[in-house]
Amino acid sequence: MQTLHHYQIRYRLNGEPLTHELESFAPVTEEEALLQLLIKHVEEPQVVVDAPWEHHAQPSIARRAQEAGLSDIEVSQRD
């Protein structure tokens, strides 16, 4: 039987410190946390994954987070 874990995501939105609670059966990665925050704070989230042959200075997801003002994302397990 799997156990439901509780996570807290600490982050900054335009410099303001905020937190977000999340539940998951699997460990939450920073990328998953970032996607959850984009869904929460962007009106019409449009996340695009870069094709493997494209070489960008910054991945699309990170670029979207920067445009939205998200930074300093930290994930910690609460239980």
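The values are calculated or read from the model by the stated rules, or taken from the named source; none is laboratory data. Nothing here was measured: the structure is a model prediction, and the numbers come from that model. Please note: Cβ atoms are built from the backbone with ideal geometry, for glycine as well, and neighbour counts cover all protein chains shown.
Here's the yes/no breakdown for (1) in a strand (DSSP E or B); (2) at pLDDT below 85:
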| site | (1), (2) |
| --- | --- |
| 6 | yes, no |
| 23 | yes, no |
| 33 | no, no |
| 52 | no, yes |
| 66 | no, no |
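Go through the range 1-35 and give me each residue that's among the aliphatic types (A, V, I, L, M), surrounded by 10 or more Cβ atoms within 10 Å (Cβ to Cβ) and over 17 Å from residue 69 (Cβ atoms).
Let us first name the residues in the range 1-35 that are among the aliphatic types (A, V, I, L, M), namely 1, 4, 9, 13, 18, 22, 26, 28, 33-35.
If we keep only those that are surrounded by 10 or more Cβ atoms within 10 Å (Cβ to Cβ) as well, we get 9, 13, 18, 22, 28, 33-35.
Once the filter is applied, which keeps residues that are among the aliphatic types (A, V, I, L, M), surrounded by 10 or more Cβ atoms within 10 Å (Cβ to Cβ) and over 17 Å from residue 69 (Cβ atoms), the range 1-35 yields 22, 28.
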